[in-house]
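Handing you this structure, nothing more for now.
The values are calculated or read from the model by the stated rules, or taken from the named source; none is laboratory data. Quantities reported herein were computed from a predicted structural model and do not represent experimental measurements. Note that each Cβ is placed from the backbone with ideal geometry, even for glycine, and that neighbours are counted across all protein chains shown. Accessible surface is based on the protein model in full, side chains and every heavy atom, while ligands, DNA and RNA are left aside. Shrake-Rupley method; radii C 1.70, N 1.55, O 1.52, S 1.80 Å.
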Amino acid sequence: MAKRYQSKKRGCAAPFLLFLFALIFGGLFLYWSNNTILVHEETISSPQLPAAFDGLRIAHLSDLHGKEFGSGNSLLLQVVENAQPDLIVITGDLIDQESQYDALPALMDRLTAIAPTYYVTGNHEWAVRKVNVLKDLLREHGVRVLSDEYELWTRDGATLAVGGVDDPNGPAGQKTGPELRAEIDADYTVLLSHRDTVEEYASWGYDLVLCGHGHGGIIRIPILDRGLISNDHTLLPKYDGGLYTIGGFTCCVSRGLGSNTVPIPLFRLFNRPDLPIIVLRTSA
């Protein structure tokens, strides 16, 4: 009788140990999926780009949603610095909650020490309803906030414009992307915007648009390498992350770094935090 009891006890332990192993492995995988950054270079070639700007490097940060990678965002700062960007862009959804403002001064001080840093709003900043406070804070720490405006870069007589539009969640009647484009006289134009409306951007007349918003579909399907669902609840969204070219126009959609924290925290699955490094090249 005693032997049969011991055998039954050992048999019950095996499924429990398998379950425990799966739980630990799953937890570690989920942590890795949400807290390690996928840095990848994307080369964009254009005959419109002047030779003076050939090789320009842009670090594209989007959809941080108040997340920290390491203490004081040390991991994020390290990978940005290692990429040796000429400029850094932040395409919206930097924060979800007012309490997340406190971490921004130190982060912006470090980013702007690496390279000139530009920012445009996303939908979540407007939902917090203190966008002007946020913009002033970022400006105080050296960030170029682009609110339906642009800056010109000049090298050897050639010009590159970096423009930015506020998210549509902003005030009614704000300047549109095409209206801003009509004001710009430059050899090559880069627009920062938040939403991943790629086909709409194609008609605006910019050479390159950098955006985010969709989080890469939140959950990615590994075999297909497709995002599962968009922010507007569309299954298998068409523009879920990466480079898209329509005619002579190119759009880089970042899969974002964080996830929504309001109303409930979301997690990324098979979809590591994304940091594209854009390299501009002149083509014949």
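Tally the DSSP beta bridges in the range 108-210 and give the antiparallel ones as a percent, rounded to 5. If you can, show how the numbers build up before the last one.
On the way: 7 of 17 bridges.
Beta bridges within the range 108-210, antiparallel portion: roughly 40 percent.
Number of Lys pairs in the chain with C-alpha atoms less than 27 angstrom apart, excluding same-chain neighbours closer than eight positions? Don't skip to the answer; put the middle values down first.
Details: 67/130; 67/135; 67/238; 130/175; 135/175.
Lysine pairs satisfying the spacing and distance rule in the chain number 5.
Could I ask something else about it? For the chain, what does the accessible surface come to per residue with a 1.4 Å probe? Please give it in Å².
Using a 1.4 Å probe on heavy atoms only, each residue of the chain averages 49 Å².
Please list the non-local residues whose amide H lies under 5 Å from the amide H of residue 281, H modeled 1.01 Å from N, same-chain partners needing a gap of 5 or more.
44, 45, 46, 55
Take every Cα pair under 8 Å in the chain that's 6+ residues apart, average their separations, divide by the length, and report that relative contact order as a whole percent.
On the way: 618 pairs, mean separation 75.3, N = 284.
Reported as a whole number, the value is 27 percent.
I'd like the projected area of the range 211-272, averaged over all directions, using the convex hull of its alpha carbons. Report it in nm² with one decimal.
Mean projected area for the range 211-272: 4.5 nm², to one decimal.
Relative contact order (percent) for the range 164-253, with alpha-carbon contacts under 8 angstrom and 6 or more residues of separation?
Numbers: 146 pairs, mean separation 21.1, N = 90.
Dividing the mean separation by the residue count of the range 164-253 yields 23 percent.
Here is a follow-up. What FRET efficiency comes out for the pair residue 74/residue 29, r = Cβ-Cβ distance, R0 = 22 Å, nearest 0.05?
Between residue 74 and residue 29 the formula returns 0.45.
With a 10 Å radius around each residue's Cβ, average the other Cβ atoms per peptide and rank 257-265, 115-123, highest first.
Numbers: 257-265: 15.9, 115-123: 23.1.
Output ranking for 257-265, 115-123: 115-123, 257-265.
So how compact is the range 156-216: Cα radius of gyration and Dmax in angstrom?
So, for the range 156-216, Rg and Dmax equal 12.2, 39 Å respectively.
For the range 89-174, what's the radius of gyration and Dmax over Cα atoms, in angstrom?
When restricted to Cα atoms, the range 89-174 yields Rg and Dmax of 13.6, 45 Å.
If you take the beta carbon distance between residue 156 and residue 183 as r and set R0 to 25 Å, what does 1/(1 + (r/R0)^6) give as a FRET efficiency, to the nearest 0.05?
0.60
Can you give the Kirkwood hydrodynamic radius of the range 139-284 from its Cα pairs, in Å with one decimal?
Its Kirkwood hydrodynamic radius stands at 16.6 Å.
Run the simple label-point estimate for residue 262 and residue 175 please: 7 Å along Cα→C-beta, distance reported in nm.
That separation, rounded to one decimal, is 2.8 nm.
Which percent of the accessible heavy-atom area of the chain goes to carbon and sulfur, probe 1.4 angstrom?
57 percent
Taking θ as phi - 60°, what are the ³J(HN,Hα) couplings along the range 227-243 by the Karplus curve (6.51, -1.76, 1.60), each to the nearest whole Hz, with x for Gly and Pro?
x, 7, 8, 8, 5, 9, 6, 7, 6, 6, x, 5, 10, 9, x, x, 9
Counting other Cβ atoms within 10 Å, which trypsin sites (Lys or Arg not before Pro) in the range 147-228 have at most 14 and lie in a DSSP loop?
175
Tally the DSSP beta bridges in the range 138-275 and give the antiparallel ones as a percent, rounded to 5.
Expressed as a percentage, antiparallel bridges in the range 138-275 total about 55.
Something else about it: Compute the length gained on full extension between residue 123 and residue 109: take 0.36 nm times their separation in residues and subtract their Cα-Cα distance, giving the result in nm to one decimal.
Gain on stretching residue 123 to residue 109: 2.7 nm.
Apply the Debye scattering formula to the chain, with a single equal point scatterer on each alpha-carbon and no solvent, then give log10 I(q)/I(0) at q = 0.07, 0.12, 0.15 Å⁻¹.
-0.29, -0.74, -1.13
So what are the ³J(HN,Hα) numbers for the range 80-97, from phi and the Karplus equation (6.51, -1.76, 1.60; θ = phi - 60°), rounded to whole Hz, Gly and Pro as x?
5, 4, 4, 6, 6, x, 7, 8, 10, 10, 10, 9, x, 6, 5, 9, 10, 9
Would you calculate a helix-derived [θ] at 222 nm for the chain, using -39,500 (n - 2.57) for each DSSP H run of n ≥ 4 and dividing by the full residue count, to the nearest 500? Could the numbers behind the result be given before it?
Numbers: 7 runs with 81 residues, N = 284.
When only DSSP H runs of four or more count, the value is -9000 deg cm²/dmol.
Just subtract the alpha-carbon distance of residue 283 and residue 233 from 0.36 nm times their residue separation and send over the number in nm, one decimal.
Roughly 14.2 nm would be gained on extension.
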